[in-house]
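Reading through the structure tokens given below for one structure.
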Amino acid sequence: MKEKNIENNLMEKIVSLCKRRGFVFQGSEIYGGFAGTYDYGHYGVMLKKNIEEAWRRAIDEHRQMAFIESSIFTAPRVWEASGHVSGFSDPLVICNSCGEKSRADHLLESIGVKADEKMPEKEINNLFDANRKKLKCPKCGKYDFGSVRAKSLLATSNLGIFDMEGDDQNTYLRGETAQGTYINYKNILETGSFFIPFGIAQIGTVFRNEISPRQFLFRQREFEQMEMQYFVYPNEAMNEYEKWKKERMEYYIKLGIPKSKLRFKDHENLVFYAKAACDIEYEFPFGWNEIEGIHYRGDYDLTQHQKFSGVDMNYFDEETKEKFIPHVVEVASGLGRVFLMVLCEAYNEDSLKESKRVVLNLPIKLAPIICSVSPLLKNKPELAEYAETKVYMPLKAEFGRVAWDDNGNIGKRYRRQDEIGTPFCIVIDFDTLTDDAVTVRDRDTGEQERIKVSDLVQFLKEKIN
Ligand code: GAP
């Protein structure tokens, strides 16, 4: 029976499991770590790929959808046109006593004052000043902050641009994938047979100079985004925005996230060009927080790129013979945040046949491994050979996500696979050599059944579907 009274220290437990089982490691760990970066291990990569695939498939259910991969580096003008160079920032405050850097909006929220990073600079400054006597440094505990200033989130590099003296000029690592999509909108339109409404989707790594990366994968400095921009008729845009809101919420519920732990939160401080915007929030162990943004951005981005590049971004409507710049509704989620949400939901501690265990009750389509294959005894060549040639290799060829596991006794192997979230463990024993059947053990119930080797592919296919 599933017990769910494990909320205490859930984040610590998840971080520990991620390291113990090779999902996620601290970036540059052997050098003491590098804040805001994480390295994915074998099972982490597989879980991440499955999350990406689930997203890609859901987005691809729309007939008019292009998938692209734009480059991380772009001409610096891209980020000037988009407004990131001048306005992509978080409100920074520094403790005068210990030098700790914090986000002003987070400090205000910690004392119950409503604030967010999208607030106009003046407003957040005033709010901070009005409350500064109550705002305590999270590191040294003193009440002594300097003034609030806007800290750019854009990460700079020296790639590829030198001035006349050969000195480096700044280039930017992309802060979102969306700009790569806008600058390719014409290419996609002209090379595909798309007509409005159509979407361009991509998954890719982005960089943000976060002031205080925290909560494990939740706030990183390097992370992956899954973004889709939908190009629509201006008079259809609000309708499309509402449709995407509904669709994206249903998507997370289908992914196995309980409805009660998801909610919409409308943006209170819209940027001047946005017509409507909301977040989908999930109730993490550390509170309700954004996993996805849904934004109706008007024609702002394409208009800006038209202005800065000189390239005509108009769409020609064959039916009405009208030219116009399409409006955009975007859905933008962070892979790391979805990954963390999935782990928070899957993590469980329960008792199975009187023994306590940690288990990841991952949906089969997300589980890194569908099944493990084990010869009952490692040192019996006839079992190992049967397991390898008649079970492991054919299943691996069919499904890919299959693990060989002959390390330790069967109990230990089950515990290990439970922690990885493997839905089925297949064991080849001495009976298998005569009856060509194997034991298949179910992760969630611990029940075991004998299945003919010739029926295994079909059995697993049915479970997956
Ligand atoms: N193009 C729109 C855009 O980038 P955003 O709300 O800034 O919108 C989209 O980012 C998503 O990226 C967020 O909903 C969140 O899931 C994820 N995200 C943002 N900052 C992040 C960070 N520092 N670490 C991990 N994920 C982040």
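Out of Asn269, Asn235, which single residue is assigned to a helix (DSSP H, G or I) and not hydroxyl-bearing (Ser, Thr, Tyr)?
Exactly one residue qualifies, and that residue is Asn235.
So Asp444 ticks every box in (1) over 16 Å from Lys365 (Cα atoms); (2) within 36 Å of the chain's Cα centre (by Cα) but one. Which box is left unticked?
Among (1) over 16 Å from Lys365 (Cα atoms); (2) within 36 Å of the chain's Cα centre (by Cα), the lone unmet condition for Asp444 is (1).
Hey, does the range 293-310 have a residue that's without any contact (Cβ under 8 Å) to a residue 40 or more places away in the chain, assigned to a loop (DSSP other than H, G, I, E, B) and out of contact with any Lys or Arg (no Cβ under 6 Å at 6 or more places or on another chain)?
The answer is yes; a qualifying residue exists.
For Ile253, are the conditions met, namely being more than 10 Å from the ligand (Cβ to nearest atom), over 23 Å from Val85 (Cα atoms) and in contact with a Lys or Arg (Cβ under 9 Å, 6 or more places away or on another chain)?
yes
Here is a check on your reading of the model: is Lys13 touching a residue at least 12 places away in the same chain (Cβ under 8 Å) and touching a helix residue (DSSP H, G or I) at 6+ places or on another chain (Cβ under 8 Å)?
No; evaluated as a whole, the condition is false for this residue.
Does Asp90 satisfy the condition of being surrounded by 15 or more Cβ atoms within 10 Å (Cβ to Cβ), acidic (Asp, Glu), in a helix (DSSP H, G or I) and at pLDDT below 95?
No; evaluated as a whole, the condition is false for this residue.
Sort out which residues of the range 55-72 are surrounded by fewer than 20 Cβ atoms within 10 Å (Cβ to Cβ) and either in a helix (DSSP H, G or I) or of a type in the set (D, E, K, R) (or both), and write them in order of number.
The answer is Arg56, Arg57, Ala58, Asp60, Glu61, Arg63, Glu69.
For the range 331-342, does any single residue satisfy the condition of being touching a strand residue (DSSP E or B) at 6+ places or on another chain (Cβ under 7 Å) and assigned to a loop (DSSP other than H, G, I, E, B)?
Checked against the condition, which is being touching a strand residue (DSSP E or B) at 6+ places or on another chain (Cβ under 7 Å) and assigned to a loop (DSSP other than H, G, I, E, B), the range 331-342 yields no hits at all.
Please return the ranges of helices (runs of 4 or more DSSP H) entirely within the range 104-189 where 3 or more residues are on the phi < 0 side of the Ramachandran plot and more than 16 Å from the ligand (Cβ to nearest atom).
Passing ranges, in order: 104-110, 121-131.
Just checking, which of Asn187, Asn126 is surrounded by fewer than 17 Cβ atoms within 10 Å (Cβ to Cβ), of a type in the set (S, T, N, Q) and at pLDDT below 95?
Asn126
Please go through the range 104-123 and give me each residue that is crowded, with 16+ Cβ neighbours inside 10 Å and modelled with pLDDT of 90 or more, ordered by number.
Matches in the range 104-123: Ala104, Asp105, His106, Leu107, Leu108.
Residues of the range 203-247 being within 15 Å of Ile59 (Cα to Cα) and more than 11 Å from the ligand (Cβ to nearest atom), which ones?
Hits for the range 203-247 are Ile203, Tyr230, Phe231, Glu240, Tyr241, Lys243, Trp244, Lys245, Lys246, Glu247.
For every residue, the table says whether it meets (1) farther than 22 Å from Thr191 by Cβ; (2) surrounded by 14 or more Cβ atoms within 10 Å (Cβ to Cβ); (3) among the hydrophobic types (A, V, I, L, M, F, W, C); (4) within 10 Å of the ligand (Cβ to nearest atom).
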{"residue": "Ala276", "(1), (2), (3), (4)": "yes, yes, yes, no"}
{"residue": "Asp279", "(1), (2), (3), (4)": "yes, yes, no, yes"}
{"residue": "Gln304", "(1), (2), (3), (4)": "yes, yes, no, no"}
{"residue": "Met313", "(1), (2), (3), (4)": "no, yes, yes, no"}
{"residue": "Lys321", "(1), (2), (3), (4)": "yes, no, no, no"}
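The values are calculated or read from the model by the stated rules, or taken from the named source; none is laboratory data. Note that the coordinates shown come from a computational prediction; the quantities given were computed from them, not determined experimentally. Neighbour counts are summed over all protein chains in view; Cβ atoms, including those assigned to glycine, are modelled from backbone coordinates with ideal geometry.
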